[in-house]
Amino acid sequence: MPEFIEHESEKSEFTHTLDQVAHILAPVVLRSGEELRAVIDKVRKRVEYAVERGDLRTEGVPGMRFYCLPQVIAWARRKWPGKFPELTAEHEAKVQSRVGIGDRLGSCTYPADLDRSHDALKKAYGQIKELTVALKAAYAEIDLLRPLAEKYEQNREKNRKSAKLPRGGQS
């Protein structure tokens, strides 16, 4: 299984939550007389509907979805023609990402260019070496404690059996 470097706290400048996307788009599509809060809700619903229809792609799981802002802007330009001329809908890929689902949600990001990939790989191998040393130390401690644990279990079993025997000197 390939190892990935996890950046849970780091987020791409192009990746946003639904709330952030709605707050970016709403002021641009706001018409006179409309309340901003209502427009934010309307935009949020339209973005969710676009995801359901397959017009927009997200990363993550329901409730924790992330949107690629240039993709959202490209969709918004089609939805509201002429409204987003100042926002760029293209970007150069600097990273690649992967989202995994298991007992916890983890998002992995790794560099797309060769030099930064090599640096990330060196760092990963350093972490692997550290973890290997820690694992060997843990196995050594297990080997040291195993005989003591077996003695403890034998003593516990002996005490359990002794507790069931009648006490001497009682009539």
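The values are calculated or read from the model by the stated rules, or taken from the named source; none is laboratory data. It should be emphasised that the depicted structure is a prediction, and the values quoted were computed from it without experimental measurement. Here Cβ is always computed from backbone atoms with ideal geometry, including for glycine, and neighbour counts include all displayed protein chains.
Key figures
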item: Any hit, segment 90-110, residues being within 30 Å of LEU30 (Cβ to Cβ), out of contact with any Cys (no Cβ under 7 Å at 6 or more places or on another chain) and either among the acidic types (Asp, Glu) or at pLDDT below 90 (or both); result: yes
item: Meets criteria (of a type in the set (Gly, Ala, Ser), assigned to a helix (DSSP H, G or I) and in contact (Cβ under 8 Å) with a residue 40 or more places away in the chain) for ALA137; result: no
item: Lone unmet requirement of (1) closer than 14 Å to LEU69 by Cβ; (2) under 25 Å from the mean Cα position of the chain (by Cα) for VAL43; result: (2)
item: Residue in segment 22-31 that is within 30 Å of PRO111 (Cα to Cα), in contact with a strand residue (DSSP E or B) (Cβ under 8 Å, 6 or more places away or on another chain) and modelled with pLDDT under 90 present; result: yes
item: Pairs, first assigned by TED's automatic domain parsing to the domain that holds ILE24 in segment 61-72, second in a strand (DSSP E or B) and among the small types (Gly, Ala, Ser), C-beta under 7 Å, six or more apart; result: PHE66/GLY60
item: Test result for SER162, in contact with an Asp or Glu (Cβ under 8 Å, 6 or more places away or on another chain), on the phi < 0 side of the Ramachandran plot and modelled with pLDDT under 95; result: no
item: Filtered residues of segment 46-86 (kept if modelled with pLDDT under 85 and on the phi > 0 side of the Ramachandran plot); result: GLY60, GLY63, GLY82
